[in-house]
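The values are calculated or read from the model by the stated rules, or taken from the named source; none is laboratory data. Bear in mind the structure is a predicted one, so any value in this text is a computation, not a measurement. For neighbour counting, all protein chains shown are included, and Cβ atoms are generated from backbone atoms with ideal geometry for every residue, glycine included.
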Amino acid sequence: MPSNPLLHKENSHRLKAIPFDEIKLEHFMPAFEEALKIARTEIDALKNNPEAPTFENTILAMSLGGVELEYASTVYYNLLGAHSDAEFKALAQKISPMLAEFGASINTDPKIFARVKAVYDQEVAGKAKPTLPKDMSDKTALRAAERYRMIERSYKGFIRGGALLSDEDKKRFTEIAMELSQLSPKFSDNVLNATNTFELHITDSKDMEGMPQGVLDAAEFTAKQKGKDGGWLFTLQPSSVMPLLTYCKNRAIREQISRAYSSRAFNDQFDNQDIIKRTLTLRKERAKLLGYANHAEYVLEDRMAASVENARSFMDKIYDIAYPAAQKERDAVATLAKDMDNIDSLQSWDWTYYSNKLKEKLYAYDPEELRPWFKVENVIDGLFTVANKIYGITMKQVHDVPVYHEDVTTWEAHDADGCYLGLLYIDLFPRDTKRGGAWKSSLQGQGLHHDGMRRPQVMIVGSLTPSTDKSPSLLRLDEARTIFHEFGHAIHSLLADGYYTSLSGTSVLWDFVELPSQIMENWLLEEEALNLFARHYETGEALPKELLDKVIAAKNYNAATANITQLRYANMDFDWHLADPATITDVAAFEREVTARFALLPVVDGTNGSCSFAHIFAGGYAAGYYSYKWAEALEADAWSMFEENGIFDQQTAEKFRTYILSRGNSFHPQELFEAFRGRPLDPLALLKRDGLI
């Protein structure tokens, strides 16, 4: 099929960039069918190889094989999240089980596992695990360590993938994998459809009292785009919801948007309750087949935390300090709401509004004031300037790379010595064909490919405030933070310096992956960094020192509540995956029960967070949402080293790059973190940073 761009093994583009401009919907199914044939032929040759198993002809051969299948999968699933219509999404129900079945057929093949085990026995079993070399430029030592870890993780991966099961259990294991592969995209589709279906069209200007002019302009522009006759249109995109909850004086309007956002895919035409129950049932069944009590136990075995008990003990220590502080934060906001508007019972749709009013009162500034200094292009330029000062890298926009949507921009990353580091795609604005939230994903991993070493290609995607017919895209502070966060993930890939792609970049243990992204956020609230780029989009005026001081002074405002919110989601995630799914008949009741101890505001009937909790039911965070807090503790301690030495201290930055960003998963993350920090984690660093102790 030479005419199918998804099957071109060799790419003629100078950066081997994906030819998005050539790829059409009709290319995908033929490409997957052909790619699976090629991959099966390769696997048959591997497992029937008469030569004795070696690292090269077994572990490495599997890593370098299936090129066509990996390519088609990468393109499809990245577009599925970032730019896909209903017809494109429907393909997932065919493609996902095909891939799940193929993957399970490899992991459960006794001949392949026998070869993997033979290599493991020869090179890993009973052998001392390599430690970090004193000289981190010693490529021979680093390569040997990567080889060891790749064999070790491949062997364990086969066991976790069902290699030791009976034939009957292998069959069931494969069936579970195939069904789960369909449920996940369906859950995500339902959330997106529920998000896109809702519209709040307001025509009375009295209902818009308190709203900033820029937000009104955006809502007016949205109304025009959607064919409304005047007025202001609000959707369930975060860039539309948050300003309404923050500034709209009309409490009924705030309640309407809050209820709608908090009930997406719950008791509506896109209801996800049955998908949740079925997903939990299948995950538990799979875990029990593999010898684990539940899905959470299965997941945590391969994490830094090592067990649910360790993860929950860590979170409980934060809870014990943060919850009483969060209650005080809640009471302060409730008091203001009573004083201002005689609100007797603070509700979820009141929290953001009155919390912002209290922030204005305490710090004499409104976050909306910052928007003119955060024009999206300036934020990106500033981010790149900051990255250059930290790591010496340069980002250069390029215009010859095909993109999948006109909003996407492309950038080449170069090191201080001019060497090419990788390609970055940036896609920041909401649209009906994009799922909500923000994320980073890979289009090509760094490391050894079938045709030699390649540099990474990554994309960061978001749904931030777009431009209108009256103004450019001007971001809220939290939206600017989102860009810094996702770029932290991207730079983890762009600065990767491993040999094998499966260990490179963000391919680390899941509760370590947020460290590079979360630490990158810190520079955004540092005067030395903001002064590099925060310029008024019309006048070019620098962010006034007085306003900057207020922003920095308020950075820990309601930090306890923010901690409790994250702990609530993380513990709910665990409870879903520790429970017996057979006992869960009412999704809303279960959620209310397990989150009761985190409650700060009354529960709102008819709302439910789990039905739109895509991180755990359609993403990779199942029984792993705690990773955000776990990595945040690592990040707070790592950041304290930058604070001690200077936020642009080259020695600290080089050390972070050497031990954290470049090494990927070639060593256990605990070893890498302690090598960077010079000591074990300070367990109190997070609470200190948030001003809670």
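Among the helices (runs of 4 or more DSSP H) confined wholly to the range 94-207, which include 1 or more residues that are loosely packed, with under 15 Cβ neighbours inside 10 Å and among the β-branched types (V, I, T)? Spell out how you get there, then give the answer.
Details: elements: 110-123, 139-160, 167-197.
So the answer is 139-160, 167-197.
Report every pair of residues separated by at least 6 positions or lying on different chains whose Cβ atoms are under 6 Å apart, first residue within the range 206-229 and closer than 18 Å to E368 by Cβ, second exposed (fewer than 14 other Cβ atoms within 10 Å of the Cβ).
Listed by first residue and then by second, the contacts come to D217/K470; F221/D469.
Hey, among the residues in the range 351-382 that are on the phi < 0 side of the Ramachandran plot and in a loop (DSSP other than H, G, I, E, B), which one's surrounded by the most Cβ atoms within 10 Å (Cβ to Cβ)? Steps first, answer last, please.
Within the range 351-382, the first condition is being on the phi < 0 side of the Ramachandran plot, and the residues that meet it are 351-363, 365-382.
Imposing the further condition that a residue be in a loop (DSSP other than H, G, I, E, B) reduces the set to 365-366, 374.
Values: Y365: 18, D366: 15, F374: 26.
Top of the filtered list is F374.
Give me the pairs: first residue in the range 394-414 and basic (K, R), second residue in a strand (DSSP E or B), beta-carbon distance under 6 Å, and six or more apart or on different chains, which are they?
Filtered contacts from the range 394-414: K396/E412.
When you go through T409, T385 one by one, which is the residue that is surrounded by fewer than 21 Cβ atoms within 10 Å (Cβ to Cβ), under 24 Å from D21 (Cα atoms) and under 24 Å from the mean Cα position of the chain (by Cα)?
Working: T385 fails: under 24 Å from D21 (Cα atoms).
Criteria check complete, one pass: T409.
Looking at E479, E486, E546, E541, which is the one that is among the acidic types (D, E) and closer than 20 Å to A653 by Cα? Please lay out each step first, then the result.
Values: E479 fails: closer than 20 Å to A653 by Cα; E546 fails: closer than 20 Å to A653 by Cα; E541 fails: closer than 20 Å to A653 by Cα.
Result of the check over E479, E486, E546, E541: E486.
State whether one or more residues within the range 71-87 are touching a His at 6+ places or on another chain (Cβ under 8 Å) and among the small types (G, A, S).
So the first thing to find is which residues in the range 71-87 are touching a His at 6+ places or on another chain (Cβ under 8 Å), and the list is 82-83.
Remaining after also requiring among the small types (G, A, S): 82.
Yes, the range 71-87 has at least one match.
Can you tell me which residue among A90, A52, A35 is surrounded by 19 or more Cβ atoms within 10 Å (Cβ to Cβ), at pLDDT 95 or above and assigned by TED's automatic domain parsing to the domain that holds Q182?
Numbers: A90 fails: surrounded by 19 or more Cβ atoms within 10 Å (Cβ to Cβ); A52 fails: surrounded by 19 or more Cβ atoms within 10 Å (Cβ to Cβ).
None of the other options fit; the residue is A35.
Going residue by residue through the range 229-244, is there one that turns out to be charged (D, E, K, R), at pLDDT 95 or above and either surrounded by fewer than 21 Cβ atoms within 10 Å (Cβ to Cβ) or not in a strand (DSSP E or B) (or both)?
If we filter the range 229-244 for residues that are charged (D, E, K, R), which is where we start, we get 229.
Subset that is at pLDDT 95 or above: none.
No, the range 229-244 contains no residue that is charged (D, E, K, R), at pLDDT 95 or above and either surrounded by fewer than 21 Cβ atoms within 10 Å (Cβ to Cβ) or not in a strand (DSSP E or B) (or both).
Just wondering, is there one or more residues in the range 496-508 that are in a helix (DSSP H, G or I) and farther than 30 Å from Y71 by Cβ?
No: the range 496-508 contains no residue that is in a helix (DSSP H, G or I) and farther than 30 Å from Y71 by Cβ.
Looking only at the range 518-566, count how many residues are among the hydroxyl-bearing types (S, T, Y), out of contact with any Pro (no Cβ under 9 Å at 6 or more places or on another chain) and in a loop (DSSP other than H, G, I, E, B). Working first, answer last.
Kept after step one, since they are among the hydroxyl-bearing types (S, T, Y), are these residues of the range 518-566: 537, 539, 557, 561, 565.
Okay, now just the ones that are also out of contact with any Pro (no Cβ under 9 Å at 6 or more places or on another chain), so 557, 561, 565.
Those still in the list that are in a loop (DSSP other than H, G, I, E, B) too: 557.
Total meeting the criteria: 1.
Residue-wise test of (1) basic (K, R); (2) in the same structural domain as L495 (by TED's automatic domain parsing); (3) within 30 Å of A554 (Cβ to Cβ); (4) without any contact (Cβ under 8 Å) to a residue 12 or more places away in the chain.
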site: R592; (1), (2), (3), (4): yes, no, no, yes
site: A653; (1), (2), (3), (4): no, yes, yes, no
site: I660; (1), (2), (3), (4): no, yes, yes, no
site: E671; (1), (2), (3), (4): no, yes, no, no
site: E674; (1), (2), (3), (4): no, yes, no, yes
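For the condition not assigned by TED's automatic domain parsing to the domain that holds L525 and not small (G, A, S), what is the one hit in K389, K338? So that I can check it myself, show each step before the final result.
Details: K389 fails: not assigned by TED's automatic domain parsing to the domain that holds L525.
Checking each option against the conditions leaves just K338.
Residue check: is Y569 in a helix (DSSP H, G or I), among the aromatic types (F, W, Y) and modelled with pLDDT of 95 or more?
Values: in a helix (DSSP H, G or I): yes; among the aromatic types (F, W, Y): yes; modelled with pLDDT of 95 or more: yes.
It is true that Y569 is in a helix (DSSP H, G or I), among the aromatic types (F, W, Y) and modelled with pLDDT of 95 or more.
In the range 651-665, is there at least one residue being surrounded by 17 or more Cβ atoms within 10 Å (Cβ to Cβ), touching a helix residue (DSSP H, G or I) at 6+ places or on another chain (Cβ under 8 Å), under 30 Å from L192 (Cα atoms) and of a type in the set (S, T, Y)?
No, the range 651-665 contains no residue that is surrounded by 17 or more Cβ atoms within 10 Å (Cβ to Cβ), touching a helix residue (DSSP H, G or I) at 6+ places or on another chain (Cβ under 8 Å), under 30 Å from L192 (Cα atoms) and of a type in the set (S, T, Y).
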